[in-house]
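Undergrad: Sharing a structure here in structure tokens format.
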Amino acid sequence: MWIGLTLDAVLIVLFAAQGRTTHESGMDLGGLLFTALPFLLAWAIATAVTRPHRTWAQIWPAGVVVWLVTVAGGLALRVAFGGTAALAFQWVTAGALAVLLLGRRAVTALILRSRRRRRS
């Protein structure tokens, strides 16, 4: 479970880092944390309410809930913290985080299924 949760957090930070690099915002630690923090906070809340000890590899419904709350909450917090959220950024955020967060869960589910088959 902890590996999956850690990977989610790392993927969100990588998403923020890629965005900062793409927009030539620099890669200082403070700036990176400021960019990633709204999404990390939203993700942490979503993860906590979806009982991660049972659902960390689940795509539906827990993974989709985590993804949607991370996107919507992260964008709302970004604006509340003084950032912007242009429509194009919202679409890119939704798509990138879907690939990252749901993709991680899909890979995890495949690995777990493969391990179960080998054991039986």
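Readers should treat all values here as calculations from the given coordinates under stated rules, not as data from a laboratory. Because the structure is a prediction, the values reported are computed rather than measured.
Undergrad: Return the sequence-ordered ³J(HN,Hα) values of the stretch 27-39 in whole Hz as given by the Karplus equation 6.51 cos²θ - 1.76 cosθ + 1.60 applied to θ = phi - 60°, using x for Gly and Pro.
TA: Whole-Hz 3J(HN,Hα) from phi for the stretch 27-39: 10, 5, 4, x, x, 4, 5, 4, 6, 7, 3, x, 6.
Undergrad: A further question on this structure: Using θ = phi - 60° and the Karplus form 6.51 cos²θ - 1.76 cosθ + 1.60, what ³J(HN,Hα) does each residue of the stretch 85-91 get, whole Hz, x for Gly and Pro?
TA: 8, 4, 4, 4, 5, 4, 5
Undergrad: Through the Karplus equation 6.51 cos²θ - 1.76 cosθ + 1.60, θ set to phi - 60°, convert the phi angles of the stretch 11-21 into ³J(HN,Hα) values in whole Hz; use x for Gly and Pro.
TA: 5, 5, 5, 5, 4, 5, 5, 4, x, 5, 5
Undergrad: In a GNM of the chain with a 10 Å cut-off on Cα contacts, which of Ala16, Ala44, Ala88 has the highest mean-square fluctuation?
TA: Fluctuation is largest for Ala88.
Undergrad: With the alpha-carbon atoms as the only input, what is the per residue convex hull volume for the chain in Å³?
TA: Details: hull volume 12.4 nm³, N = 120.
Once divided by residue count, the hull of the chain is 103 Å³.
Undergrad: Also: Measure nothing fancy, just the Cα-based angle from helix 62-80's long axis to the longest principal axis of the chain, in degrees from 0 to 90, nearest 10.
TA: The angle comes out near 10 degrees.
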